[in-house]
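Read the figures in this text as sums done on the coordinates, not as results from a lab. Remember, predicted model here, so these are calculated numbers, not experimental data. Here the Cβ is made from the backbone with ideal geometry for all residues, glycine too, and neighbour counts use every protein chain on show.
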Amino acid sequence: VRKCEVCNSEDVAVSLDNLSFSPKAEDNEQEWEYRLLRCHQCGLVYVDPKPSWQLLCSFYGSYGIYTSAGRDLFGGKGYLKYIAAKYRYATYARNGLLEVAKVGLGVAVEWITGRTVPFSLGIPLQLPKDSRIFEVGYGSGDWLLSMKRLGYRNLAGYDIDANPKNSSWFVSEGIDVSGGDFLANDYPEAFYDCIRMNHVLEHLLQPHDVLGKCRKMLAPGGVLALDSPCIESVVARLSFGSFTNLDGPRHLHHHTLMSARLLLESAGFDVVKMKPYGVLMLIPTTLNAILHDRGINQIKIPSFLFLPCAPVYKLFCLLMHKGEFQTILCRKRQN
Ligand SMILES: [Zn+2]
C-alpha cells in the first residue's frame with residue numbers, strides 16, 4: 001500500500017474499493033479503475049493509483065464549470081455577497097471601531113443565511129486596489145472578473161485548461177491569465193501579495209510542489225487564502241460512497257483539518273487561521289445521490305426544504321468543529 005503523501009505514514013488502509021472512471025465515450029478509452037486509501041495518522045483520503053498527467057487531463061473533458069456567467073456578475077444578489085464578504089473580515093486591515101461594527105454586520109449575515117464567508121472571498125477584499133493578486137485554478141474566471149469590476153488592477157490567474165474563449169476575454173480586460181503545467185510556467189518570485197485557491201488543492205497531482213511554488217511567488221508577508229472540501233464532516237461520515245464532495249477521481253486528495261495543516265506547513269506556510277464549516281445544501285444533494293446509487297430515481301428530495309435549517313446546521317458544525325468544507329488563511333514563512 002502506498003505511503004501517505006502528506007505525513008509519510010505507512011498506517012494506511014483501503015477506504016473505498018472498486019471505483020472506476022469512464023473518459024468521454026468519443027475518446028474510446030477504457031474505464032480507469034481506482035480506489036481510495038485513508039491514512040490513519042493524519043486522516044488524508046487519496047486516490048490510488050496516482051493518475052498520470054495525461055489521464056488526469058482526460059478527467060476534465062466533461063467538466064462543466066469553466067464557462068463564465070458573463071459580464072453582469074453583480075446582477076441579483078452578487079454584489080451583496082461581496083459587500084457581506086468585505087465586512088466580515090474588515091478588521092484584517094484595520095482594527096477600528098467602524099471595522100468591528102462591520103464585522104458584526106458580516107457575522108449577522110452569516111448567521112441569518114447559515115453560510116460562512118471563506119477567507120478566499122473575504123481576505124482579498126481587504127487589500128488595497130493595487131495589490132498583486134494571483135488565482136491558482138481560476139475556473140470560470142468569475143472571481144477575477146468580479147475583482148476587476150471592484151477596481152482591482154493587478155490580477156493574474158492560472159488554470160489547467162480553461163475555456164479559451166474566456167481567456168482571450170480576460171486578457172482584453174487586463175487580467176494576466178496562463179494555462180498548461182503550473183509547475184513548468186514562469187512566474188515572478190517574491191511578487192504577489194495574495195494567492196487564492198478556491199477548491200483547487202484537492203485537484204492537484206503534486207500539491208506540495210504547487211504550494212511550494214506559490215510560496216516562492218508570494219512577496220514577504222504575502223498570504224495564501226485557500227478553501228477545500230473537508231472529509232471530517234457529518235455528511236461524509238454518513239454517506240461515504242455517495243458523498244458528492246468526493247467527485248472522484250478529479251478530487252485526488254480529501255483533506256482533514258490535520259492533513260491540510262501538515263501539508264501547508266511542510267510547504268513553508270504558517271497557518272494563521274483555519275476553520276471547517278458546514279454546507280447544508282450538500283445534505284439534500286448527497287441524499288439524492290444515495291437514492292440514485294440505489295437505483296431509486298423516482299424520488300427527488302427538494303433542497304429548498306433544508307434552507308430554513310441552515311443557521312442551526314451552521315451552529316452544529318461550529319460546535320462539532322466539523323464541516324463539509326474548510327477555509328484556511330496562511331502566510332509565507334520567512335527563513
Ligand atoms: Zn497521513
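Values for this structure:
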item	result
By average C-beta atoms within 10 angstrom, highest first, the peptides 229-237, 265-273	229-237, 265-273
Stokes-Einstein diffusion coefficient of region 102-159, Kirkwood radius over Cα pairs, 25 °C, 0.890 mPa s, in µm²/s	194
Cysteines, the chain, no other Cys beta-carbon under 4.7 Å	57, 194, 214, 230, 309, 317, 330
Spatial extent of the chain: Rg and Dmax, with the Cα atoms as the point set, Å	19.9, 62
Spatially proximal lysines relative to residue 77 (Cα-Cα < 30 Å; intrachain offsets below 8 disregarded)	86, 102, 129, 148, 165, 273, 275, 300, 314, 322
Pairwise label distance in nanometres, residue 305 with residue 1, each label 7 Å out on the Cα-Cβ vector	3.8
Three-way shape label, region 214-308, alpha-carbon gyration tensor, a/c 1.5	prolate
Length-normalised contact order of region 219-335 in % [C-alpha pairs under 8 Å, at least 6 apart]	48
Burial ranking of peptide ranges 101-110, 184-193 (average Cβ count within 10 Å, highest at the top)	101-110, 184-193
Ranked by how many other beta carbons lie within 10 Å on average, peptides 285-296, 134-145 from highest	134-145, 285-296
